[in-house]
Amino acid sequence: MRYSIFSLLSQTLQGHKGWTPAWRDPAPKPEYDVIIIGGGGHGLATAHYLASRHGITNVAVLEKGYLGSGNVGRNTTIIRSNYLLPGNTPFYELSMKLWEGLEQDLNYNAMVSQRGVLNLYHSDAQRDAFARRGNAMRLAGVDAELLGTEQVRAMLPYLDFDNARFPIQGGLLQRRGGSARHDAVAWGFARAADSRGVDMIQNCEVTGITMVGGRAIGVETSRGPIRGKKIAMAVAGNSSRVAAMAGMRLPIETHVLQAFVSEGLKPLIDCVVTYGAGHFYISQSDKGGLVFGGDIDGYNSYAQRGNLPVIEDVMESAMALWPGLGRVRMLRHWGGVMDMSMDGSPIIDTTPVDGLYLNAGWCYGGFKATPASGFCFAHLIATGQPHPVATAYRLDRFATGRVIDEKGAGAQPNLH
Amino acid sequence: MRITCPHCGARDAQEFSYLGAADLQRPDGMAASEAAMADYVYQRDNPAGVHRELWYHGAGCHAWLVVTRDTRNHAITAVEPAKARKAGATA
């Protein structure tokens, strides 16, 4: 069923009794052309673009829980393309362009809101670094504006501009950045892929990868074996565990990242703001809660929950940036597990195992990449060649020295 | 999460800094192949389960510790000084 004002009116007249489920709940078939492991944002996006752009519809998405039960529903919903390095900028800009047309493409309201992403700077050196980043973005065709103190003050008068230690000197603004409704992104991709015949198979945990002569030919699952001509992994957070089923080790550590939401408030902040003197970012959901987060906890974890020191650190950053937040009560916090790669950048590539494709290493920045990740992964799976904007995301870049290290932190995942 | 330092007793994890997997063996840089060195620098087992890892007690005794911890639930089963390991191991 196509969603439109006419279907809404028609259903209204019929008492909303004719709405159908947004996707089927099929049992797995014995064999597919492509098996996608992972029914999160990236896996579902891959399925949608395989079906819609490459005409490959004999596809199964295998999800161990329910669709969107992992990181696509655990992030802070920010979308942006303000990257510095040549390997990253065109990829994230493709993602931003796909966000801009996503709702029309999917016929689904993902509540994409280009409310602007503002990165604050607090020193001359940081201003120079941000000016460089903004110039790199503009050279790559991405929008960026360097703002001074007064321009930021006009936007966000309640910040602590005259902080003794970290006064706010200005910010780098990407107006096209913003946020999207994260669950709706997963649901929209799932519904669009389902409408083209892709099977979304839930409660189906992959327990093994079937190999014959060094080639992956199928998967063992909690719902029985399934054969696949191509097997695609999109299981960020658990990539090392699934790769180990095919005998692979990855340049990845799994870390826990926490996020937070406050009680619902009246409209207070109409963009996304990041603090430049610590790791902290904040925006406001359409429901009114302030959504914010900071650093990963910093140790290997699959627990989907973190510890108190990082919570304290995030709250301290919040207070340093915006003292008025001290009056706000926290409502919830939660954790998700991140594929922290060794250079802070993702991997979209073939693997040494024939027939096995890898989409991994998204660190804590995977949500904004969801459309482009699916788009480029589908391109790789369908054509065997990397998409032109994702050629740098190779698995062998670590061994060859072609790392993409935005932070310059080196092979230390908890510093990215 | 609290780590029971063998020198200082049970302390909040905030006092410690994390490095990563404890049992990586650095190959001889002059003799090792590029692949072996890349493997040492970048590749990790990253288990969901028991993990031996290096922590530094920066707000305490300044000792490097090998902590055995379950990455699924953060339960710590052993904390030993890294120094106690055999000579030549990385720390």
Item to complete: Scan the range B:1-26 and report the pairs whose first residue is free of Cβ contacts under 8 Å to residues at least 40 places away in the same chain and whose second residue is open to solvent by 70 Å² or more (accessible area, probe 1.4 Å) and among the β-branched types (V, I, T), with Cβ atoms within less than 9 Å and a gap of 6+ or a chain change.
Response: B:A10/B:T4
Fill in: Residues located in the range A:234-260, provided they are within 14 Å of chain B (Cβ to nearest Cβ) and either open to solvent by 40 Å² or more (accessible area, probe 1.4 Å) or in a strand (DSSP E or B) (or both)
A:R241, A:A244, A:M245, A:G247, A:R249, A:L250, A:I252, A:E253, A:T254, A:H255, A:V256, A:Q258
Discussion item. Condition first: surrounded by fewer than 23 Cβ atoms within 10 Å (Cβ to Cβ), closer than 21 Å to A:D270 by Cα and within 22 Å of the chain's Cα centre (by Cα). Can you find one or more residues in the range A:154-167 that meet it?
Written reply: no
Practice prompt. For A:M111, indicate whether it is open to solvent by 70 Å² or more (accessible area, probe 1.4 Å) and under 27 Å from A:V185 (Cβ atoms).
Written response: yes
Worksheet entry | Selection from the range A:309-358 of residues that are closer than 16 Å to A:H279 by Cα and within 14 Å of chain B (Cβ to nearest Cβ) | A:P309, A:V310, A:I311, A:E312, A:D313, A:V314, A:M315, A:E316, A:G344
Discussion item. Within the range A:26-38, take every residue that is of a type outside the set (A, V, I, L, M) and surrounded by 12 or more Cβ atoms within 10 Å (Cβ to Cβ) and give me the one that is nearest to A:N359 (Cα to Cα).
Written reply: A:G38
Worksheet item: Scanning for something open to solvent by 30 Å² or more (accessible area, probe 1.4 Å) and either free of Cβ contacts under 8 Å to residues at least 24 places away in the same chain or of a type in the set (V, I, T) (or both), does the range A:90-98 turn up at least one residue?
Response: yes
Discussion item. For the range B:1-21: of the residues being within 11 Å of another protein chain (Cβ to nearest Cβ) and assigned to a loop (DSSP other than H, G, I, E, B), which is modelled with the lowest pLDDT?
Written reply: B:M1
Item to complete: Quick one: which helices (runs of 4 or more DSSP H) lie wholly within the range A:69-156 and hold at least 2 residues that are more than 21 Å from A:I282 (Cα to Cα)?
Response: A:89-100, A:102-106, A:124-139
Response to the item:
How many residues of the range B:16-40 are within 23 Å of A:L308 (Cα to Cα) and open to solvent by 50 Å² or more (accessible area, probe 1.4 Å)? The answer is 2
Worksheet item: Tell me, which strands (runs of 3 or more DSSP E) wholly within the range A:299-416 include 3 or more residues that are open to solvent by 10 Å² or more (accessible area, probe 1.4 Å), aliphatic (A, V, I, L, M) and touching a residue at least 12 places away in the same chain (Cβ under 8 Å)?
Response: A:330-341
Item to complete: Please work out which residue is nearest to the other protein chains (Cβ to nearest Cβ), limiting yourself to the range B:42-63 and to residues that are closer than 25 Å to A:D343 by Cβ and open to solvent by 50 Å² or more (accessible area, probe 1.4 Å).
Response: B:D45
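The values are calculated or read from the model by the stated rules, or taken from the named source; none is laboratory data. Note that the coordinates shown come from a computational prediction; the quantities given were computed from them, not determined experimentally. Positions of Cβ are backbone-derived with ideal geometry, glycine not excepted, and every protein chain shown enters the neighbour counts. Surface accessibility is based on the protein's heavy atoms, side chains included, excluding ligands, DNA and RNA. Shrake-Rupley method; radii C 1.70, N 1.55, O 1.52, S 1.80 Å.
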